[in-house]
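Visitor: One structure, pasted below without further comment.
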Amino acid sequence: MSIPQQIEAINDGLVPDGDHLVTLTEVAVIPRKAGGWWGRFMSETSGGRQLREMRRLGVDEKDAFILDQGANRKWVEWGQRMGVNESDARGVFNALHQLQGHRFTARVTKTAHSTTIQHRAFEDVVFATGGQALTVEGELVTNVAQDQYNRLLEGLSASRLALSAVAQACHELSRDKSWTDLGYESLSEFLASPEITLTRSSFFRMAQIWELYVLDGGVDPRQLAVASPSKFAIPMRAIGANEVTVAEALADVETLGARDLREKYELPRDEESPRGDSLDRLLDDDVIDAAIACFESTTATGRGRWAVTLTEIRDYIKASNA
């Protein structure tokens, strides 16, 4: 499923392909239309979307758990993946019934004709039949922190996935100057609109990320979800100078923290440099963006004064670097 399709699925209330942190909300036995029984397992994502997994039970009219040896074995194996250790389907079902309200992982796999849901327990965690979470060593623990951590990862992944679509849109808008077709006289006016509110530096940074990593580097757009745009931006100078390949930069972005990335790709600041905090602030992207916006909105006389001021700023920077 492409990035736009995944985002569209999220907006439509559907659950896109992949692994999702869910809460088990229902464990029930229901009749099959053709006779026999189903085991139905319902879960819910943190966004309130419902998932359902159906597993076949027996055909006896009075007891859904009368199964042959092979069917029982499949239920036992599935129960182990769910974190319970029981000897038959009835035991697995009863154990999971006690775990309603607990967190599990649901894998969603979509094809052209169907959607498959497969639930399983957290990795390296098993559950006692009493509903308490145990580590594999048997030490009683709480899953609250793990739950919070997984929800954080889920949210970050979704936001970064959306940002990869933003990067593509920024590149195409920049390439075609499409803001004029939308009725805006300048890029600054377009970016300042209430529904956009991007700085110029952020806009062009996103566009450049798409160009360098995806168009020039051949990176799968979905891989842009591994980190924030600020981390992808750090190696871009080195990529443009052919000091590092896109594949190497992508591996660093995924495995290194932002501070380590800066140390690897940027020269350390000279502590004895005459450049002071005021000049650092002057060169900040947000300040430059504000200056450009003011310049574009002034009269011709005002622009002339701005030109003199900018010349003085350039002279000061040159003198500071001399």
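Visitor: Any idea how far apart GLN98 and PHE204 come out in nm if each label point goes 7 Å out from Cα toward Cβ?
Guide: For GLN98 paired with PHE204, the spin-label model returns 6.3 nm.
Visitor: Next question, about the same structure. Summarise the long-distance tail of P(r) for segment 149-256 by giving the % of C-alpha pairs beyond 24 Å.
Guide: In whole percent, the share of Cα-Cα pairs in segment 149-256 beyond 24 Å is 29.
Visitor: Under 12 Å from a label point 7 Å along Cα→Cβ of GLU26: give me every residue in segment 33-58 with its amide N that close.
Guide: Answer for this model: 40-44, 50-54.
Visitor: Leaving ligands, DNA and RNA out of it, report the carbon-plus-sulfur percent of the accessible area of segment 205-262 at a 1.4 Å probe.
Guide: 46 percent
Visitor: Go through 161-173, 191-203, 15-27 and give me the packing order, highest mean Cβ count within 10 Å leading.
Guide: Taking the mean over residues of other Cβ atoms within 10 Å, the ranking is 161-173, 15-27, 191-203.
Visitor: A further question follows. Take the residue pairs LYS110/LYS264; LYS33/LYS74; LYS110/LYS231; LYS74/LYS110 and return only those whose Cα atoms are more than 30 Å apart.
Guide: LYS110/LYS264; LYS110/LYS231
Visitor: A further question follows. Based on the mean of other beta carbon atoms within 10 Å per residue, what is the order of 50-58, 63-71, 78-86, most packed first?
Guide: 78-86, 50-58, 63-71
The values are calculated or read from the model by the stated rules, or taken from the named source; none is laboratory data. Everything quoted here is computed from the prediction, not taken from an experiment. Quick reminder, even Gly has a Cβ in these numbers, built from the backbone with ideal geometry, and neighbours come from all protein chains shown. Heads up: the accessible areas ignore ligands, DNA and RNA and are worked out on the full protein's heavy atoms, side chains in. Shrake-Rupley method; radii C 1.70, N 1.55, O 1.52, S 1.80 Å.
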